[in-house]
Amino acid sequence: MRHSRTVASRSSINSSHVSEYLDALPPDRAAQLKKVRSAIRRALPKGYEEAVSGSVIAYQVPLATYPDTYNKQPLWLVAIGAPKTTLTLHLMPVYGSPVLLERLQEGFRAAGKRLDIGKACIHFKKADDLALECISEIVAGMPVDKWVEIARSARRGRSSDRAG
């Protein structure tokens with residue numbers, strides 16, 4: 001089911017936009033995202049901001065902290081969304097880290113949960129489908145300065161790849 005309210009743009013950083021985003025969802029889907037949102041917010045290190053970014057709620061490094069992103073948009077750490085029939089959690093650190101991906105996979109196995117993941121996008125129907133404790137540990141283990149340094153290193157690596 002598509003909602004008719006317009007979701008705030010990428011530049012929005014006002015928490016009222018997050019409430020509007022959640023209010024625009026069917027109540028059952030909003031309730032599931034609220035559970036995941038609560039876990040993320042409890043684990044989130046200082047320095048990140050919560051914002052509606054396109055069609056998701058993103059937890060991101062403010063541009064004032066790290067303006068030199070590849071797309072000139074804030075650097076996401078994690079995002080949650082409700083496209084069409086599933087819910088999504090984008091856990092960006094696992095995309096480039098085999099160690100963190102294995103940690104996530106092990107966390108799901110230990111919790112007896114099935115991990116349905118693309119590159120960094122976990123699909124789920126209910127918050128209870130997720131290994132929230134493991135996800136929270138990964139989020140908590142990524143302070144802003146560490147995440148920015150990983151992003152900078154990745155950009156330097158890509159630049160040298162193109163030059164070679």
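For the condition in contact with an Asp or Glu (Cβ under 6 Å, 6 or more places away or on another chain) and farther than 20 Å from Leu104 by Cβ, what is the one hit in Pro74, Pro62, Pro83?
Pro62
How about the range 45-61: which of its residues are hydroxyl-bearing (Ser, Thr, Tyr) and either surrounded by fewer than 15 Cβ atoms within 10 Å (Cβ to Cβ) or within 16 Å of Ala30 (Cα to Cα) (or both)?
Once the filter is applied, which keeps residues that are hydroxyl-bearing (Ser, Thr, Tyr) and either surrounded by fewer than 15 Cβ atoms within 10 Å (Cβ to Cβ) or within 16 Å of Ala30 (Cα to Cα) (or both), the range 45-61 yields only Ser55.
Cβ-Cβ distance below 7 Å, separation of 6 or more or different chains: which pairs start in the range 67-83 with a residue that is more than 11 Å from Gly54 (Cβ to Cβ) and at pLDDT 95 or above and end on one that is of a type in the set (Val, Ile, Thr) and assigned to a loop (DSSP other than H, G, I, E, B)?
Leu75/Thr69
Tell me yes or no: at least one residue of the range 117-133 is at positive phi and modelled with pLDDT under 95.
No.
Return the pair list, or none, for Cβ contacts closer than 6 Å from residues in the range 84-108 that are more than 13 Å from Glu137 (Cα to Cα) to residues that are of a type in the set (D, E, K, R) and exposed (fewer than 14 other Cβ atoms within 10 Å of the Cβ), at least 6 apart or on different chains.
From the range 84-108, the pairs are Tyr95/Lys119.
Which of the residues belonging to the range 127-157 are basic (Lys, Arg) and either touching a strand residue (DSSP E or B) at 6+ places or on another chain (Cβ under 9 Å) or under 16 Å from Leu44 (Cβ atoms) (or both)?
Hit for the range 127-157 is Lys146, nothing else.
Of all residues in the range 62-99, which are buried (at least 20 other Cβ atoms within 10 Å of the Cβ), more than 16 Å from Arg41 (Cβ to Cβ) and out of contact with any His (no Cβ under 8 Å at 6 or more places or on another chain)?
Within the range 62-99, Pro74, Leu75, Ala82, Met92, Pro93, Val94 qualify.
If I filter the range 27-44 for residues that are touching a Lys or Arg at 6+ places or on another chain (Cβ under 8 Å), in contact (Cβ under 8 Å) with a residue 40 or more places away in the chain and either surrounded by 22 or more Cβ atoms within 10 Å (Cβ to Cβ) or within 16 Å of Ile122 (Cα to Cα) (or both), do I get at least one hit?
yes
Name the residues in the range 49-71 that are out of contact with any helix residue (DSSP H, G or I) (no Cβ under 6 Å at 6 or more places or on another chain) and under 13 Å from Ala151 (Cβ atoms), would you?
The answer is Gln60, Leu63, Thr65, Pro67, Asp68, Thr69, Tyr70, Asn71.
The values are calculated or read from the model by the stated rules, or taken from the named source; none is laboratory data. Predicted model, so just to flag it, every value in this text is computed and none were measured. Reconstructed Cβ throughout: ideal geometry from the backbone, glycine too, with neighbour counts over all protein chains shown.
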